[in-house]
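Have a look at the structure below before the remarks.
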Amino acid sequence: MKPAAFFGYIQNNLIEVFNLRFFPILLASLAMLVLSAAGSLAEGEQGADAVGRSPAEDPSCNYVNRSYEKTYRSERLSFVVHELAQEGQLRRRLDVRFFGKVVFQRGEPDEKWRSWEMKERPSVFWNSGPVFNDCRFLREEGDGSSKLMVYSSAWKREQYRALMTVWISKDDGRFVKARRDFDPAAPRVKQFRTASVIDIFEYDGNKIVEPRLLGF
């Protein structure tokens, strides 16, 4: 995707979802969360290297970037953003579901579902640059088929900054869980009432129900 076409895409999508109450959350989550082209820049831009990495990527984040792209290429995908309270409890804050090109989102616990069409899935790039930088492998968790690769990363989208820890399935290479600890020196998404949030991902089509089938 050429830069001019990419920025035109961003402008069009901003117009589509400008009035969404939780649009800022989506910027901070996409996982998370949303509005750029999954992998198209990394794989299609001239000058990319032999493994498809754009020259603008941080080389240390190759594994995380490829996993992020694979996550958002899933035909059916959902993730729930949880606020992490000081006592360690998780509070559901945002439910996001992808069905092909249609995205549904609902603020928890009692907001109404909203939906829109997304022409392309999220990318590892935003107009402020790469989303992930300074990635470091921390450890391997679990055993057998449930092994997880744990990485840390400096995460950013626009003015938002966080230290991100991500758990990636060693089996299929997709995100299982991601925690963002927001930088206290940078702006935070207003709808998040805690300094840390955790995104939990789901890919099982039998567990991801399209909201309009529930009366949306």
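The values are calculated or read from the model by the stated rules, or taken from the named source; none is laboratory data. Bear in mind that the values here come from a model prediction, so they are computed numbers and not experimental data. Using ideal geometry, Cβ is built from the backbone for each residue, glycine included, and neighbour counts are taken over all protein chains shown.
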Collect the residues in the range 181-206 that are at pLDDT 90 or above, under 27 Å from Phe99 (Cα atoms) and in a loop (DSSP other than H, G, I, E, B), keeping them in residue-number order.
Tyr203, Asp204
Against the conditions (1) surrounded by 15 or more Cβ atoms within 10 Å (Cβ to Cβ); (2) in a loop (DSSP other than H, G, I, E, B); (3) among the small types (Gly, Ala, Ser), where does Ser152 fall short? Just the number, please.
(2)
The lone condition Phe216 fails out of (1) modelled with pLDDT of 95 or more; (2) among the aromatic types (Phe, Trp, Tyr); (3) out of contact with any helix residue (DSSP H, G or I) (no Cβ under 7 Å at 6 or more places or on another chain) is (1)
Out of (1) assigned to a strand (DSSP E or B); (2) touching a Cys at 6+ places or on another chain (Cβ under 7 Å), what's the single condition that is false for Val64?
(1)
Would you tally the residues in the range 117-132 being in a strand (DSSP E or B) and within 12 Å of the chain's Cα centre (by Cα)?
3
What is the one condition in (1) surrounded by fewer than 21 Cβ atoms within 10 Å (Cβ to Cβ); (2) in contact with an Asp or Glu (Cβ under 9 Å, 6 or more places away or on another chain); (3) farther than 14 Å from Cys61 by Cβ; (4) not charged (D, E, K, R) that Ala162 does not satisfy?
(1)
Total residues in the range 117-132, condition touching an Asp or Glu at 6+ places or on another chain (Cβ under 6 Å) and either among the hydroxyl-bearing types (Ser, Thr, Tyr) or surrounded by fewer than 15 Cβ atoms within 10 Å (Cβ to Cβ) (or both):
1
In the range 81-115, anything in contact with a Pro (Cβ under 6 Å, 6 or more places away or on another chain) and either basic (Lys, Arg) or in a strand (DSSP E or B) (or both) is listed as Phe104
Mind telling me which of the residues Asp199, Asp171 ends up being acidic (Asp, Glu) and surrounded by fewer than 16 Cβ atoms within 10 Å (Cβ to Cβ)?
Asp171
